[in-house]
Amino acid sequence: MNTFKSEETFVKSFKTRLQHKYAIPFEQSTLRQQYHTLGELVFEAISEPWLQTKKVDNENPRKEVHYFSMEFLMGRLITNNINNLGLRPLIESGLKSLKLDLNALEHYEADAGLGNGGLGRLAACFLDSIASLGYAGHGNGIRYRYGLFEQGIENGYQIEKPDDWLKEQYVWEVRVEEEALDIPFGGYTLFENGKAKYVPNELIRAVPYDIPIVGNKNNMINHLRLWNAEPTNVYPGDFHAFEYDYEIRQISGFLYPDDTTKEGKILRIKQQYFFSAAGIRSILQNHYKRYQTFENLPMFHVFQINDTHPSLIIPEMMRILVDEYEMSWDDAWAITTKTCAYTNHTILSEALEKWSVSILQPVLPRVYQIIEEINRRYCEWLLHEKNLSQDKVRELAIIADNQIRMAHLAIVGSFSVNGVAALHTKIIKTIEMKDFHELYPNKFNNKTNGITHRRWLKHINPELSKILDKVSDDWEFNPENLEKLLPKAHGKTYQNQIAKMKRDKKIALAKRIKEEQGIALDPDSIFDVQVKRLHEYKRQLMNALHIMMVYNRLKTDPVFKENYVPHSFIFGAKAASGYFYAKKIIKLINTIAEKVNNDPMTNAYLKVVFVENYNVTYAEQIIPACDLSEQISTASKEASGTGNMKFMMNGAITIGTMDGANVEIHELVGDDNIVIFGMDADEVNKQNHENTYNPLDVYHEDSEIRTVIDQLTNGFFGTVDRSEFQEIRDKLLGRDEYYVLKDLKAYQAAHEKANALYQDRQNWLKMSIVNIAKSGYFSSDRTIAQYIDDIWHLERRK
């Protein structure tokens, strides 16, 4: 029986399946049982087109992209799958007839703990767009047993609890044990008759789990392959079973283990090699089995290296081709460098990974020898063909000063290197990787990030979607048609509809925050939101200091208070477990919240809340409720950002610096529909070069800033020790690396401008509509189309 042929057949199948599986009357079933039953039925609806897609790809092979990433933040797939299959109206109606709520069943599903921030959310959007546009493209990552962590807040401090997202069966994964592989670690290399023979002393079983990626209403299914670390049946060398079992489980145990120790660094290297090697070996084996050659590999495969984490793809591919298939070095290198492409996501030095030779070499001895040889030949080329000095060669080398520079390896071994926003790519080409761009001028290109509008607009904001349906009947498939809303920007009809949508979303979010955290937010206040990974360059600290300035003015300046539109400042962020300064900023935000929320003189005007355990699902509720979107990173530091796009798409106004994709948002919406402040990238880079900035000058020259800095440690916060925030004060006045104090007055002025703009409701709603109308450019469908045209050169499935 076709379960989804009609509402009647679905209802019958749902009840029958549940009762047969759990051997209970339907009326006694629990939410868990109902969720798993629905998941199984939806998975069965996926199976047939998935099988058909595989058949098409097998009978008519075409080029595929393989997207390697340490993170894939997929969110709740039950929602994505139901929507992309086009089944939502039928399932919603059928469950309603059974007195069940689809939203309740959706919310039962745990967020898959496969990522932390923008890197993982971007990867998820890309997989969705590749499938929805009808191309062959698959993800490769790690099946983490536990996600980053589940965040709690105790006494204002972040606490970390295991994110046990796999404690129940994950209905969307298929274990493919038949394609499991043994991944080698440690050991040594023998050379016999000029050939290398790698003898590992540890093998770890990589077992793939495939998760279907459903294209939007096109019956095309790709997959995300996640590798699980398990004991092997082959035990080389000496081993102790208990220790061995514990160590291998760590490899797919946690996302981003603490790498402040040697053991943590070794585990990170093992993780990165584990999934890179498993993915590459699987693809190469299947290709050779079919074609008995690798000469045509670049015609059928492209490996996209998402940030530096999967860079070990390059030497591992060389190891397999040279050692196991006995190809010449030059032939193997030609194939590798025609197949690998690299996306750079950051210019932050700590994120451009460098591994100590003394740590990597014992873990991956043969891979290290391959990297050495790549580096030797590359440096010879720099010296003798490019005529560079020894100092310049050392600067550009892959291995130098006992370190392996993974970004250099990725650049040298790839045919394409792309940035993720126009400004980011410009900085890469002209500053951070200027020498590489001069060496390889045709490699570097820009692909501005995007988001899937199907999830981040159509799903999370059905009220807005209904408004958009009135101006375009195909914006779901052609998001550029959101621009048809633009002529409505000045009309009261659409302004009133947008205003109602926004207020309804704010009421819903305020209700959740009140229920979960006991803080009452006024839905008529400005919902000012900064939700993103906690890092100094993202400047949550500047936001917090500005709130202190607002609080002080509300207490002392009656004119300011009279003209101030009530604000609800909403934060959400996780700080990496070993990033203690970031955790201190969370404590500060919560301490400020405690102070201002409990002051009867100001709390009708000012509220602060730090939401606990911010994740994809929470983002889906926060983003549509936002009025003012905080995108305030230090200019030149944010590669792109994707949260800025999601907020824009849902009608929020950006307050931000000229950084990342903010630059392109500004170009699209114009000066009148965004609030820009602070130093731009050129000014920041100039300041970095001149090194003349002294934050003490700002402290001494501005009494308002001096007051809030002093309040950090003078007993202003009566609930904490005076030394609690001494480190923050010292760091701001000592170096202020991210120019928090230097941009603070400009940030204050930008907020005053936003406050005035909001009071002109007709103009504010016009601004909101312009942002929505211009947001179609930031669909990941556009981004993927550009990757396909310029880098991957894929052929659409027919």
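The values are calculated or read from the model by the stated rules, or taken from the named source; none is laboratory data. Treat the numbers as computed from the prediction; the structure is a model and nothing was measured. Note that we place each Cβ from the backbone using ideal geometry, even for glycine, and neighbour counts take in every protein chain shown. SASA here: full protein model, heavy atoms, side chains in, ligands and nucleic acids out. Shrake-Rupley method; radii C 1.70, N 1.55, O 1.52, S 1.80 Å.
Looking only at residues in region 87-110 that are closer than 18 Å to Arg454 by Cβ and touching a Lys or Arg at 6+ places or on another chain (Cβ under 8 Å), the one that is surrounded by the most Cβ atoms within 10 Å (Cβ to Cβ) is Glu109.
Quick check: is even one residue across region 347-367 of a type in the set (Asp, Glu), more than 21 Å from Lys443 (Cβ to Cβ) and at pLDDT 95 or above? Steps first, please.
Residues of region 347-367 of a type in the set (Asp, Glu): 350, 353.
Next, only the ones that are more than 21 Å from Lys443 (Cβ to Cβ) stay: 350.
Adding the requirement that they be at pLDDT 95 or above leaves none.
No, region 347-367 has no match at all.
The set of residues from region 655-693 being polar (S, T, N, Q) and free of Cβ contacts under 8 Å to residues at least 60 places away in the same chain comprises Asn662, Gln687, Asn688, Asn691, Thr692.
Anything in region 693-713 that is of a type in the set (Ser, Thr, Tyr), more than 23 Å from Lys584 (Cα to Cα) and either at pLDDT below 95 or open to solvent by less than 60 Å² (accessible area, probe 1.4 Å) (or both)? List them, or say none.
Taking region 693-713 as the starting set, the residues that turn out to be of a type in the set (Ser, Thr, Tyr) are 693, 699, 703, 707, 713.
Subset that is more than 23 Å from Lys584 (Cα to Cα): 693, 703.
Scanning region 693-713 gives a single hit, Tyr693.
Considering region 344-363, and only residues there that are in contact with a strand residue (DSSP E or B) (Cβ under 7 Å, 6 or more places away or on another chain) and open to solvent by less than 20 Å² (accessible area, probe 1.4 Å), the residue that is nearest to Val417 (Cα to Cα) turns out to be Asn344.
Can you pull out the residues in region 710-729 that are of a type in the set (Val, Ile, Thr) and without any contact (Cβ under 8 Å) to a residue 40 or more places away in the chain?
Residues of region 710-729 that are of a type in the set (Val, Ile, Thr), as a first pass: 713, 719-720, 728.
The answer is Thr713, and nothing else.
Among residues of region 490-538 being of a type in the set (Ser, Thr, Tyr) and in contact (Cβ under 8 Å) with a residue 12 or more places away in the chain, the one that is nearest to Met658 (Cα to Cα) is Tyr537.
Taking first residues from region 409-426 that are closer than 22 Å to Phe778 by Cα and partners that are among the charged types (D, E, K, R) and open to solvent by less than 10 Å² (accessible area, probe 1.4 Å), the Cβ contacts under 6 Å between residues at least 6 apart in sequence or on separate chains come to Asn418/Lys447. Among the residues of this structure, Pro600 counts as one that is at pLDDT 95 or above, open to solvent by 50 Å² or more (accessible area, probe 1.4 Å) and assigned to a loop (DSSP other than H, G, I, E, B). Of the helices (runs of 4 or more DSSP H) lying entirely inside region 207-310, those carrying at least 3 residues that are at pLDDT 95 or above and under 30 Å from Asn81 (Cα atoms) are 262-291. Among the polar types (S, T, N, Q), in a helix (DSSP H, G or I) and within 30 Å of Leu482 (Cα to Cα) - does that describe any residue in region 621-632? Yes, there is a match, as at least one residue in region 621-632 is among the polar types (S, T, N, Q), in a helix (DSSP H, G or I) and within 30 Å of Leu482 (Cα to Cα). Residue pairs whose Cβ atoms lie under 8 Å apart, separated by 6 or more positions or on different chains, with the first residue in region 639-654 and on the phi > 0 side of the Ramachandran plot and at pLDDT 95 or above and the second open to solvent by less than 10 Å² (accessible area, probe 1.4 Å) and of a type outside the set (S, T, N, Q), are Gly651/Leu464; Gly651/Ile498; Gly651/Met501; Gly651/Pro624; Gly651/Ile769; Gly651/Ile772. So which residues in region 11-31 are buried (at least 16 other Cβ atoms within 10 Å of the Cβ) and part of a loop (DSSP other than H, G, I, E, B)? Passing the criteria: only Ser29.
Checked against (1) without any contact (Cβ under 8 Å) to a residue 40 or more places away in the chain; (2) over 34 Å from the mean Cα position of the chain (by Cα); (3) open to solvent by 50 Å² or more (accessible area, probe 1.4 Å), Lys55 meets all criteria but (2). Taken over region 7-25, residues that are without any contact (Cβ under 8 Å) to a residue 40 or more places away in the chain and either touching a Leu at 6+ places or on another chain (Cβ under 7 Å) or among the basic types (Lys, Arg) (or both) amount to 4. Of all residues in region 118-131, none satisfies being over 26 Å from Phe300 (Cα atoms) and of a type in the set (Ser, Thr, Tyr).
Is region 425-440 home to any residue that is closer than 30 Å to Asn478 by Cα, open to solvent by less than 30 Å² (accessible area, probe 1.4 Å) and part of a helix (DSSP H, G or I)?
Narrowing region 425-440 to residues closer than 30 Å to Asn478 by Cα: 425-426.
In the following step, the residues that additionally are open to solvent by less than 30 Å² (accessible area, probe 1.4 Å) were identified as 425.
Restricting the remaining residues to those that are part of a helix (DSSP H, G or I) gives 425.
Yes, that holds for at least one residue.
Whether a residue is open to solvent by 70 Å² or more (accessible area, probe 1.4 Å) and either among the hydroxyl-bearing types (Ser, Thr, Tyr) or out of contact with any helix residue (DSSP H, G or I) (no Cβ under 9 Å at 6 or more places or on another chain) (or both) was assessed, and Glu483 does not pass this test. Which condition number does Tyr368 fail, the rest of (1) more than 30 Å from Gly118 (Cα to Cα); (2) assigned to a helix (DSSP H, G or I); (3) open to solvent by 40 Å² or more (accessible area, probe 1.4 Å) being met? For Tyr368, the failing item is (3). Checking each residue in region 639-669 for being open to solvent by 10 Å² or more (accessible area, probe 1.4 Å) and touching a Phe, Trp or Tyr at 6+ places or on another chain (Cβ under 7 Å) picks out only Leu668. Write out, first by first residue and then by second, each pair whose Cβ atoms fall under 7 Å of each other, whose residues are 6+ apart or on separate chains, and whose first residue, in region 429-448, is touching a residue at least 40 places away in the same chain (Cβ under 8 Å) while the second is open to solvent by 40 Å² or more (accessible area, probe 1.4 Å). Close Cβ pairs satisfying both conditions: Leu439/Lys386; Asn445/Asp790; Lys447/Gln786; Thr448/Ala422. Among the residues making up region 604-619, those that are open to solvent by 10 Å² or more (accessible area, probe 1.4 Å) and either aliphatic (A, V, I, L, M) or within 11 Å of Phe569 (Cβ to Cβ) (or both) are Ala604, Lys607.
Answer yes or no as to whether Asp128 is surrounded by fewer than 24 Cβ atoms within 10 Å (Cβ to Cβ) and not aliphatic (A, V, I, L, M). Let's see the steps before the verdict.
On the way: surrounded by fewer than 24 Cβ atoms within 10 Å (Cβ to Cβ): no; not aliphatic (A, V, I, L, M): yes.
For Asp128, the condition - surrounded by fewer than 24 Cβ atoms within 10 Å (Cβ to Cβ) and not aliphatic (A, V, I, L, M) - is not met.
Every condition in (1) touching an Asp or Glu at 6+ places or on another chain (Cβ under 9 Å); (2) hydroxyl-bearing (Ser, Thr, Tyr); (3) over 28 Å from Gly141 (Cβ atoms) holds for Ser416 except the one numbered (3).
What tally of residues in region 253-272 results from selecting those that are touching a residue at least 60 places away in the same chain (Cβ under 8 Å) and either touching a helix residue (DSSP H, G or I) at 6+ places or on another chain (Cβ under 7 Å) or closer than 21 Å to Gly113 by Cβ (or both)? Talk me through it step by step, then tell me what you get.
The first filter runs over region 253-272 and keeps only residues touching a residue at least 60 places away in the same chain (Cβ under 8 Å), leaving 253-256, 258-260, 262, 265-266, 269-272.
Of the ones still in play, those that are also either touching a helix residue (DSSP H, G or I) at 6+ places or on another chain (Cβ under 7 Å) or closer than 21 Å to Gly113 by Cβ (or both) are 253-256, 258-259, 262, 265-266, 269-272.
Qualifying residue count, region 253-272: 13.
May I ask you to say which residue of Tyr738, Tyr747, Tyr777 is touching a Gly at 6+ places or on another chain (Cβ under 9 Å) and open to solvent by 10 Å² or more (accessible area, probe 1.4 Å)? None of the others qualify; the one that does is Tyr777. If the condition is being within 16 Å of His408 (Cβ to Cβ) and assigned to a loop (DSSP other than H, G, I, E, B), then region 324-344 contributes only Asn344. A single member of Asn375, Asn387 is polar (S, T, N, Q), part of a loop (DSSP other than H, G, I, E, B), free of Cβ contacts under 8 Å to residues at least 60 places away in the same chain and farther than 19 Å from Lys265 by Cβ, and it is Asn387.
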